[in-house]
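K.L.:
Submitted below is the structure of interest, expressed as structure tokens.
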Amino acid sequence: MTEMFTGNFTQQEPIPDDAIEAAVRVMRSGRLHRYNVAGDDPGEVALLEQEFAAAMGVKYCLAVASGGYALGCALRALGVKPGDKVLTNAFTLAPVPGAIASVGAVPVFVGVTEALVIDLDDLAAKADEADVLMLSHMRGHLADMDRLMAICDAAGIRVIEDCAHTMGARWRGRLSGTDGVIGCYSTQTYKHLNSGEGGFLVTDDAEVMARAVMLSGSYMLYDRHLAAPAPDVFDTIRYETPNVSGRMDHLRAAILRPQLRRLSEQCERWNERYRAVEDGLRGTPGLTVVERPDEEYYVGSSIQFLLLDWAVEPVQEVIRRCAARGVELKWFGGAEPVGFTSRYDSWRYAPSRPMPASDRVLRGIIDMRLPLTFSVEDCRLIARIIRGEVGAVWQGVAG
Ligand SMILES: *Cc1c(COP(=O)(O)O)cnc(C)c1O
């Protein structure tokens, strides 16, 4: 009998009941805007910021309209200007170069290794080309953050971390987003907390946070923030910083606060599923499992494997055959951007130099979401299906 998988790769878990109740309370109050609060009620957004800062062990946190907004705001808060160059990953998703383009800056792409992290040799080689790195922890893979920070510190490069896929992850115990000057997170539906759209920016730098708060559209109400620096830090910044509205509202904050309390538990549930797929795939001929370093505590909300040096046709055949059995795989090697899988050379607004070693890796990357609506047993089944289909195609290729 041919096993089929019938789960849905885009189906996240429902919003928990306590979060729904909190959202209903906000709607009943009619006070949805973050600065529309009654009496001494700090409001859901300010409380969420305080709780997220505590959860990440940082001083300051700003909740914003999206992860992409957080990235653009981070660049502005660091003073990146039109025409400036910003180092970033060749392997990432479109909102990252998009944030750089949104401030008129120019991405300088840094290659990707077979471990699916930024190529630190390439970073070191390009370190004199820019003074900001927008580091995307793409698909949750953490580079050696000790070496990365050493390279950047030596070159005077300030690091903005894109933690869209690493909220809750750690490098040698340090939470992702706390090594750079600024950490940015997304709470969009496919990330680790779900408010439909939303994001956070965290930092320990008072001036950077004051600028970010002003940028996000705080008018002169920054004293209502519970995870922002003291009002005197705003004394001059408030005259110099434009308002680029991108605030979070109470409704989203209300559904995020209960989810944040469960974040570590959810990370463990993702990892159980990740390990079930990984175990099932290990040892499949022709397929390379991406081994994770011991220093990394990852959050397995998606999994990647490599079909390294495969020709285009057999890769497409594997994807077709898995799809026919209900397993949705995405491929980063396609010539054209499809869905979310675009590549550095598909972003034609941004110049790029050829990167043959990265191209080889990108051509081999197969990507799959692991929503928590899948059981661990589902994950074992998915792995059996992939293993079977990769095996069948590989046998044909290898003759
Ligand atoms: C989702 C995502 C973002 C941005 O998040 P949005 O909230 O959708 O704007 C940034 N980087 C990566 C790698 C992402 O996957």
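K.L.:
Can you pull out the residues in the range 357-383 that are within 30 Å of D122 (Cβ to Cβ) and among the hydroxyl-bearing types (S, T, Y)? Spell out how you get there, then give the answer.
P.N.:
Here is the first cut: in the range 357-383, the residues within 30 Å of D122 (Cβ to Cβ) are 357-370.
Of everything in the range 357-383, just one residue is within 30 Å of D122 (Cβ to Cβ) and among the hydroxyl-bearing types (S, T, Y), namely S358.
K.L.:
For the list (1) touching a residue at least 40 places away in the same chain (Cβ under 8 Å); (2) within 11 Å of the ligand (Cβ to nearest atom); (3) among the charged types (D, E, K, R), I need the number of the one condition that D204 fails.
P.N.:
So D204 meets the others, but not (2).
K.L.:
Does L193 count as more than 16 Å from A53 (Cβ to Cβ) and either open to solvent by less than 20 Å² (accessible area, probe 1.4 Å) or assigned to a helix (DSSP H, G or I) (or both)? First the steps, then the outcome.
P.N.:
On the way: more than 16 Å from A53 (Cβ to Cβ): no; either open to solvent by less than 20 Å² (accessible area, probe 1.4 Å) or assigned to a helix (DSSP H, G or I) (or both): yes.
No.
K.L.:
Which of the residues spanning the range 113-142 are part of a helix (DSSP H, G or I), within 16 Å of the ligand (Cβ to nearest atom) and open to solvent by 10 Å² or more (accessible area, probe 1.4 Å)? Spell out how you get there, then give the answer.
P.N.:
Here is the first cut: in the range 113-142, the ones part of a helix (DSSP H, G or I) are 120-129, 138-140.
From what's left, within 16 Å of the ligand (Cβ to nearest atom): 138-140.
The one that is part of a helix (DSSP H, G or I), within 16 Å of the ligand (Cβ to nearest atom) and open to solvent by 10 Å² or more (accessible area, probe 1.4 Å): R139.
K.L.:
Return yes or no: is Y185 of a type in the set (F, W, Y), surrounded by fewer than 24 Cβ atoms within 10 Å (Cβ to Cβ) and closer than 25 Å to R252 by Cα?
P.N.:
Numbers: of a type in the set (F, W, Y): yes; surrounded by fewer than 24 Cβ atoms within 10 Å (Cβ to Cβ): no; closer than 25 Å to R252 by Cα: yes.
For Y185, the condition - of a type in the set (F, W, Y), surrounded by fewer than 24 Cβ atoms within 10 Å (Cβ to Cβ) and closer than 25 Å to R252 by Cα - is not met.
Matching residues to (1) assigned by TED's automatic domain parsing to the domain that holds F305; (2) acidic (D, E); (3) touching a Leu at 6+ places or on another chain (Cβ under 8 Å); (4) open to solvent by 80 Å² or more (accessible area, probe 1.4 Å):
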{"site": "E240", "(1), (2), (3), (4)": "no, yes, no, yes"}
{"site": "R252", "(1), (2), (3), (4)": "no, no, no, no"}
{"site": "R257", "(1), (2), (3), (4)": "no, no, yes, no"}
{"site": "R273", "(1), (2), (3), (4)": "yes, no, yes, no"}
{"site": "E278", "(1), (2), (3), (4)": "yes, yes, no, no"}
{"site": "G283", "(1), (2), (3), (4)": "yes, no, no, no"}
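K.L.:
Go through the residues of the range 172-185 one by one and say whether even a single one is polar (S, T, N, Q), more than 11 Å from the ligand (Cβ to nearest atom) and in the same structural domain as A63 (by TED's automatic domain parsing).
P.N.:
So in the range 172-185, the residues polar (S, T, N, Q) come out as 176, 178.
Now drop any that are not more than 11 Å from the ligand (Cβ to nearest atom), which leaves 176, 178.
Narrowing the set further to residues that are in the same structural domain as A63 (by TED's automatic domain parsing) leaves 176, 178.
Yes, that holds for at least one residue.
K.L.:
All but one of (1) modelled with pLDDT of 95 or more; (2) closer than 30 Å to Y239 by Cβ hold for L148, so report the exception by its number.
P.N.:
Condition not satisfied by L148: (2).
K.L.:
Do any helices (runs of 4 or more DSSP H) lying entirely in the range 250-341 carry at least 2 residues that are among the polar types (S, T, N, Q), and which ones are they? Outline the logic, then answer.
P.N.:
Numbers: elements: 250-261, 263-281, 312-324.
By residue number, 263-281.
K.L.:
Report the residue count in the range 186-196 for those that are near the ligand (Cβ under 10 Å from one of its atoms) and within 13 Å of the chain's Cα centre (by Cα).
P.N.:
Let us first name the residues in the range 186-196 that are near the ligand (Cβ under 10 Å from one of its atoms), namely 186-191, 195-196.
Adding the requirement that they be within 13 Å of the chain's Cα centre (by Cα) leaves 186-191.
Within the range 186-196, residues that are near the ligand (Cβ under 10 Å from one of its atoms) and within 13 Å of the chain's Cα centre (by Cα) number 6.
K.L.:
Going through the range 21-72 one residue at a time, which ones are open to solvent by less than 50 Å² (accessible area, probe 1.4 Å), more than 30 Å from K85 (Cβ to Cβ) and in contact with a strand residue (DSSP E or B) (Cβ under 7 Å, 6 or more places away or on another chain)?
P.N.:
Within the range 21-72, R34, V45, L48, E49, F52, A53 qualify.
The values are calculated or read from the model by the stated rules, or taken from the named source; none is laboratory data. A quick note: this is a predicted structure, and the numbers were derived from the prediction, not measured. Here the Cβ is made from the backbone with ideal geometry for all residues, glycine too, and neighbour counts use every protein chain on show. Note: accessible area is taken over every heavy atom of the protein model, side chains too, but ligands, DNA and RNA are not part of it. Shrake-Rupley method; radii C 1.70, N 1.55, O 1.52, S 1.80 Å.
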